[in-house]
Amino acid sequence: MKLVELHSVRHCYGKLEALHDLNLSLNEGEVLGLFGHNGAGKTTTMKLILGLLRPTSGQVCVSGASPEHVGVRQQLGYLPENVSFYPQLTGLETLRYFARLKSAPSAQVEALLRQVGLTEACQRKVKTYSKGMRQRLGLAQALLGKPRLLLLDEPTVGLDPIATRELYAIIQQLREGGTAVILCSHVLAGVEAFIDRAAIMAAGRLQADGTLSELRSQVGLPSLIRVNGLLQARRWQAQLSGEGFNARLVGEDNLEVATHNGAKQQVLKILLEQGDAEDIEVRQANMEEIYSHFMTQPSAHRSAP
Amino acid sequence: MKPILFIALKELQDGLRNRWLLAISLLFVMLAAGIAWFGAAAAGQVGFSSIASTIASLASLATFIIPLIALLLAYDAIVGEDEGGTLLLLLTYPLGKRQLLLGKFVGQGLILALATLIGFGGAALAISLLVPDIDKLQLFVAFGRFIASAILLGWVFIAMAYVLSSRAREKSSAAGMALGIWFLFVLVFDLALLALLVLSKGQLNPDWLPWLLLLNPADIFRQLNLNGLDAAAQLNGVMSLGQDLAGASSTLWAALLGWMVLCLVLAQRSFMRRPI
């Protein structure tokens, strides 16, 4: 059974159609990146999964039931994009309050504060917290009560690089424990390693949905093979160009070959066996490139109805 | 049930933390004591005059101040959480909107009730100890009725504040609406009623006129306290209308309670419809 299932979901705010015929599903232990510009429908999708909104038409199921069901909410963790909490309460008091409301064991509170690195600041009032500290408190709150589904809205905003890496490490840990994660963001750099699947939205429609390699082959962006310190680079360039590859000489003895889909392995094989290179570097299209590809050609890759 | 308790507990702690409870209690003690001892100063005498006149003055003053305090305490209950982003979060928790509203009501209602009890109860205690040969039974009955009805009046206005807090998009507009409500029920209503009487030149059926007072919880409260006093207490303004209100006390209590329930139901409806 799928943990989350959205079936031809449409949602309107008055006359404005925010979501148009959305189909999306998520397995246990899967990490989905949900990407899109502002107003693409990411937050609406999240709110539907959280049971905050009811779809105008279509079906939303979370672990087989409506997300408005109290039992389902018990298993959800949510980090909103902007939350300032209660300024007069300390971090510890805030987390205790939310733990009680979620019937999470009180021992978890201190463990979570330690996990997000707020142990030292937990006796201070939340109004003295920086944006990043609030974000971490929000994350701790989302992890209360061992959720089976975690929804994180722009989780890395305000976090320094180390805290971001820690966040991804936490997500990795949860994934191994079977928790599914939806990561909603428009910051894409470096996110590839931490997601299983990406869904790209624009103007209330799903433009793409699949694993990174599926998306790469779908968009047909080339992988770049860069060969450094290659003897007779000029001869190699001529040979590869003759075989129909797009090869370019960079400086005297560096070669850059752009390969599509299946051709990558072939070129690598030739170069490794016959060439005498100092270093070979392969760079695949990253999430940012895939994303901007889908954004610039929105109609070409519309997901199947 | 549990979430209601936890939310109420947090509201109560907030009330202690930001010293609302302390401030309101002190205010009430000073008001009650001041009126008891100096209420008759205008008539040229200082010192405790009588239970009836003390209660009458206190009731007039409480009519103004208790709705104001209740509205101030509760106007941001919903819209404030929304602005802080915590409303969105709380609604993803395993609790219903009704539980959230009820939890807040229990917590803030308790703050107001405690402050009223401590403030006016303390004053009653002081009077019973300091004034020689006072009829203690009469004193405590009168103050008991006054405190209970003041608490109920406060609850009505807390519930009213929830209605507008559920409707307002911003905290500042909720504050403005709260002031408007206060003006309407505390000042405008009585003036409008008097104007109606004058303009109708006695053509209105005098039998149902007193019932108009039931449309204003503040007037119900005042009536409830003045009813309990001896005829010696001078009634003036629209209050003289209520003298022959049928059923008297029990009708008034029921009407005040009805106001509270009505406002809570309205608040819940508005909250359910509030877009997130």
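The values are calculated or read from the model by the stated rules, or taken from the named source; none is laboratory data. Remember, predicted model here, so these are calculated numbers, not experimental data. Virtual Cβ from ideal backbone geometry, glycine too; neighbours counted across all protein chains shown.
For the stretch B:1-45, which positions are outside any helix (DSSP H, G or I) and either within 14 Å of chain A (Cβ to nearest Cβ) or within 23 Å of residue B:147 (Cα to Cα) (or both)? Let's see the steps before the verdict.
So in the stretch B:1-45, the residues outside any helix (DSSP H, G or I) come out as B:1, B:18-19, B:39-40, B:44-45.
Hits for the stretch B:1-45 are B:1, B:18, B:19, B:39, B:40.
Can you confirm whether the stretch A:228-235 contains a residue that is without any contact (Cβ under 8 Å) to a residue 24 or more places away in the chain and either of a type outside the set (D, E, K, R) or crowded, with 18+ Cβ neighbours inside 10 Å (or both)?
Checked against the condition, which is being without any contact (Cβ under 8 Å) to a residue 24 or more places away in the chain and either of a type outside the set (D, E, K, R) or crowded, with 18+ Cβ neighbours inside 10 Å (or both), the stretch A:228-235 yields at least one hit.
Looking at the stretch B:52-106, which of the residues that are among the acidic types (Asp, Glu) and farther than 20 Å from residue A:54 by Cα is surrounded by the fewest Cβ atoms within 10 Å (Cβ to Cβ)?
Residues of the stretch B:52-106 among the acidic types (Asp, Glu): B:76, B:81-83.
From the residues that got through so far, the ones that are farther than 20 Å from residue A:54 by Cα too are B:76, B:81, B:83.
Numbers: B:76: 20, B:81: 19, B:83: 16.
So the residue we want is B:83.
Could we say that residue A:230 is in a loop (DSSP other than H, G, I, E, B), hydrophobic (A, V, I, L, M, F, W, C) and under 31 Å from the mean Cα position of the chain (by Cα) here? It would help to see each step written out before you state the result.
Numbers: in a loop (DSSP other than H, G, I, E, B): yes; hydrophobic (A, V, I, L, M, F, W, C): yes; under 31 Å from the mean Cα position of the chain (by Cα): no.
Here the answer is no, as residue A:230 does not meet what is asked.
Output the qualifying pairs, or none if there are none: Cβ atoms under 8 angstrom, residues six or more apart or on different chains, first residue in the stretch A:277-294 and within 14 Å of residue A:267 (Cα to Cα), second residue assigned to a helix (DSSP H, G or I) and not β-branched (Val, Ile, Thr).
Close Cβ pairs (under 8 Å, with a partner that is assigned to a helix (DSSP H, G or I) and not β-branched (Val, Ile, Thr)) amount to A:277/A:271; A:280/A:268; A:280/A:271; A:280/A:272; A:282/A:264; A:282/A:268.
Being within 14 Å of chain B (Cβ to nearest Cβ) and among the basic types (Lys, Arg) is the filter; apply it to the stretch A:121-132 and report the residue that is nearest to residue A:163 (Cα to Cα).
Keep residues of the stretch A:121-132 that are within 14 Å of chain B (Cβ to nearest Cβ), which gives A:125-127, A:129, A:131.
Imposing the further condition that a residue be among the basic types (Lys, Arg) reduces the set to A:125, A:127, A:131.
Numbers: A:125: 21, A:127: 20, A:131: 12 Å.
Looking at residues that are within 14 Å of chain B (Cβ to nearest Cβ) and among the basic types (Lys, Arg), I get A:131.
How do the helices (runs of 4 or more DSSP H) wholly within the stretch A:37-120 filter down when requiring 1 or more residues that are at pLDDT 95 or above and facing another protein chain (nearest Cβ under 8 Å): which remain? Steps first, answer last, please.
Working: elements: A:42-49, A:70-73, A:91-101, A:107-115.
Result: A:91-101.
Please count how many residues of the stretch A:149-169 are part of a loop (DSSP other than H, G, I, E, B) and not hydroxyl-bearing (Ser, Thr, Tyr).
Step one: of the stretch A:149-169, the residues part of a loop (DSSP other than H, G, I, E, B) are A:154-160.
From what is left, the residues that are not hydroxyl-bearing (Ser, Thr, Tyr) are A:154-155, A:157-160.
Total satisfying the criteria: 6.
Matching residues to (1) at pLDDT 85 or above; (2) over 20 Å from residue A:29 (Cα atoms); (3) among the β-branched types (Val, Ile, Thr); (4) assigned to a strand (DSSP E or B):
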{"site": "A:171", "(1), (2), (3), (4)": "yes, no, yes, no"}
{"site": "A:174", "(1), (2), (3), (4)": "yes, no, no, no"}
{"site": "A:183", "(1), (2), (3), (4)": "yes, no, no, yes"}
{"site": "A:189", "(1), (2), (3), (4)": "no, yes, no, no"}
{"site": "A:193", "(1), (2), (3), (4)": "no, no, no, no"}
{"site": "A:201", "(1), (2), (3), (4)": "yes, yes, no, yes"}
{"site": "A:207", "(1), (2), (3), (4)": "yes, yes, no, yes"}
{"site": "A:213", "(1), (2), (3), (4)": "no, no, no, no"}
{"site": "A:217", "(1), (2), (3), (4)": "no, yes, no, no"}
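Looking only at the stretch A:59-79, which residues are in contact (Cβ under 8 Å) with a residue 60 or more places away in the chain and under 22 Å from residue A:112 (Cβ atoms)?
Answer for the stretch A:59-79, where residues must be in contact (Cβ under 8 Å) with a residue 60 or more places away in the chain and under 22 Å from residue A:112 (Cβ atoms): A:74, A:75, A:76, A:77, A:78, A:79.
From B:152, B:193, which residue is over 20 Å from the mean Cα position of the chain (by Cα), outside any loop (DSSP other than H, G, I, E, B) and aliphatic (A, V, I, L, M)?
Details: B:152 fails: over 20 Å from the mean Cα position of the chain (by Cα).
Every option except B:193 fails the conditions.
Within the stretch B:182-225, work out how many residues are surrounded by fewer than 19 Cβ atoms within 10 Å (Cβ to Cβ) and β-branched (Val, Ile, Thr).
Qualifying residue count, the stretch B:182-225: 2.
Restricting the search to the stretch B:57-112, which residues are of a type in the set (S, T, N, Q), touching a residue at least 40 places away in the same chain (Cβ under 8 Å) and in contact with a Gly (Cβ under 9 Å, 6 or more places away or on another chain)?
Residues of the stretch B:57-112 that are of a type in the set (S, T, N, Q), as a first pass: B:57, B:60, B:63, B:86, B:92, B:99, B:108.
Among the residues that remain, those that are also touching a residue at least 40 places away in the same chain (Cβ under 8 Å) are: B:60, B:63, B:99, B:108.
Listed by number, the list holds a single entry, B:108.
Evaluate the stretch B:115-130: report whether one residue or more is in contact with a Lys or Arg (Cβ under 8 Å, 6 or more places away or on another chain), surrounded by 16 or more Cβ atoms within 10 Å (Cβ to Cβ) and assigned to a helix (DSSP H, G or I).
Of the stretch B:115-130, the ones in contact with a Lys or Arg (Cβ under 8 Å, 6 or more places away or on another chain) are B:128.
Then drop every residue that is not surrounded by 16 or more Cβ atoms within 10 Å (Cβ to Cβ), which leaves none.
Scanning the stretch B:115-130, I find no residue that is in contact with a Lys or Arg (Cβ under 8 Å, 6 or more places away or on another chain), surrounded by 16 or more Cβ atoms within 10 Å (Cβ to Cβ) and assigned to a helix (DSSP H, G or I), so the answer is no.
Residue-wise test of (1) more than 14 Å from chain A (Cβ to nearest Cβ); (2) under 14 Å from the mean Cα position of the chain (by Cα).
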position	(1), (2)
B:48	yes, no
B:58	yes, yes
B:73	yes, yes
B:80	no, no
B:106	yes, no
B:118	yes, no
